[in-house]
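Working notes, beginning with the structure itself.
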Amino acid sequence: MNRTATSRGQSGILGYIMIFSVVILSIGIIYVSGIASIGTYQASSELNNAEQAMVVFSNNIDDIVQEEAPRRSVEMKTTDSSVETTAKHDITITIDGTEYTNTSLRGFAYRGEGGDITYKAGAVIRSEGDGAFMHETPPFKFGDDRVILNVVKLVGQDEYQGSGTSLVVLEDHEEQSSTRYSTGGGQTVTITMEVEPDHAQMWERYFEDQASGLTKVSDDSGEVEYEIDTDEVLIRESAISVEISE
């Protein structure tokens, strides 16, 4: 057999093997990258849907508090995710150094692979990685003449995790109160809120955007203080029961 022909044949086979290997490797890289991209897109899409559902959740609570309806419900997709009421956090009101009220509240949260969407103290918050964004601000009003805090207490400790859709039912718990405090004219009112540590900076930005006041934040303890000089403080509290089912 001619050695030259044999060498050419071997070279052809080696070349074919190399080309085939490159093609297979390229297909593998594209496949892995594509799967990762699809997973990222799905997680982001699910988080967007959860955010919109949480806005509906917030609007439904407003309807109940304003007595436009005794009961409301919203569906949330819980594919590889969960919805739950969160641990209690406190809001404390201090006037000229004297504590006047301390209210414990629960939030409500969607927890998914792409991040979390939380309803807390009337605010809708989106968390992804180390960042947090306030999609909807709480129903608080701040001014030199009056501070108004509309506070909603969520009653219930339910949690649901699954691969389908969860139904969240909200109902008036028939517990409402309104408390008014007069400062005697321009005294310092301090509002202290317990928040998740990774939300502290976001709440600090929220308070700084309000009427003139002083904001203090503790990232370690997850506590935010806002001080404002005002004539009066009005606190309206409402209770809403939360029930989660498939």
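Before we move on, is ASP144 farther than 13 Å from MET54 by Cα and at pLDDT below 85? Answer is no for this residue. Screening ARG106, ARG146 for residues that are in contact with a Lys or Arg (Cβ under 7 Å, 6 or more places away or on another chain) and either within 21 Å of PHE207 (Cα to Cα) or of a type outside the set (D, E, K, R) (or both) leaves exactly one candidate, ARG106. All conditions but one from (1) within 15 Å of LEU105 (Cα to Cα); (2) at pLDDT below 85 apply to VAL155; the one that does not is (2). Could we say that SER245 is among the hydroxyl-bearing types (Ser, Thr, Tyr), within 22 Å of LEU154 (Cα to Cα), out of contact with any helix residue (DSSP H, G or I) (no Cβ under 6 Å at 6 or more places or on another chain) and loosely packed, with under 15 Cβ neighbours inside 10 Å here? Yes, satisfied. Give just the number: which of (1) surrounded by 15 or more Cβ atoms within 10 Å (Cβ to Cβ); (2) modelled with pLDDT of 90 or more does GLU84 not satisfy? Every listed condition holds for GLU84 apart from (2).
The residue of the stretch 173-203 that is surrounded by the fewest Cβ atoms within 10 Å (Cβ to Cβ), among those that are closer than 18 Å to ALA132 by Cα and out of contact with any Phe, Trp or Tyr (no Cβ under 9 Å at 6 or more places or on another chain), is PRO197. Restricting the stretch 87-120 to residues that are outside any strand (DSSP E or B) and more than 17 Å from the chain's Cα centre (by Cα), the residue that is surrounded by the most Cβ atoms within 10 Å (Cβ to Cβ) is ASP96.
The values are calculated or read from the model by the stated rules, or taken from the named source; none is laboratory data. Every value quoted in this text rests on a predicted model; they were computed, and no experiment measured them. With ideal geometry, Cβ positions are generated from the backbone for all residues, glycine too; neighbour counts draw on all protein chains shown.
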